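Some notes on the structure that comes next.
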Amino acid sequence: MKKRKIALLVLMCLFMVSISSVAYAAPEMEMIFSSKSSSVFITAESKISVSSGQIICHAINNLTDYYDTSITMELQRGVGATDWETLKTWSGSDYAARFELYGTYDFAPGLYRIKATHTANGDSIVSYTKQTYFK
């Protein structure tokens, strides 16, 4: 009985750590935020990962139909306890039902996130990746 209680406590602690608002990732591990949707967007997503000494930034628009669509994607680094500094911005547009934008930035350890503004047919959604610490 005592072993079951300890096992349950360990599982609960692991679950609490896994749902933390800050994710810690080793290089090559991808962190994906949960996507958002609207009447125009099936999903608006942003992703961040590290590969071969580069931070890989990726944002995707999945739309309900073909529209003029655009993405403005910002790589941000945590500064202090609550502030974010934009390191680089990428923008792109197309007439499409699916549009993707990629960007890379030289890797340095730190706390990062992607902020992406997705626009289509007059509708806008802002997405963020989880705050991810790359070491």
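Taking each residue as 0.36 nm, the span from S91 to K135 lengthens on full extension beyond its C-alpha to C-alpha distance by 13.1 nm. In this structure the amide hydrogen of N121, modeled in the peptide plane, comes within under 5 Å of the amide hydrogens of D68, none closer than 5 places in sequence on its chain. Distance in nm between label sites at Y105 and A81, each 7 Å beyond Cα in the beta-carbon direction? Taking the simple label geometry, Y105 and A81 are separated by 2.4 nm. For A116, the shell of other residues with beta-carbons less than 9 Å away shows a net charge of -1, using +1 for Lys and Arg and -1 for Asp and Glu. When each of S46, S52, S70 is scored by the number of other beta-carbon atoms lying within 10 Å, the sequence from fewest to most is S52, S70, S46.
Each reported figure results from applying straightforward, stated rules to the coordinates on display, with no laboratory input. None of these values were measured; they are calculated from a predicted model. Glycine gets a Cβ as well: all are built from the backbone with ideal geometry, and neighbour counts include every protein chain shown.
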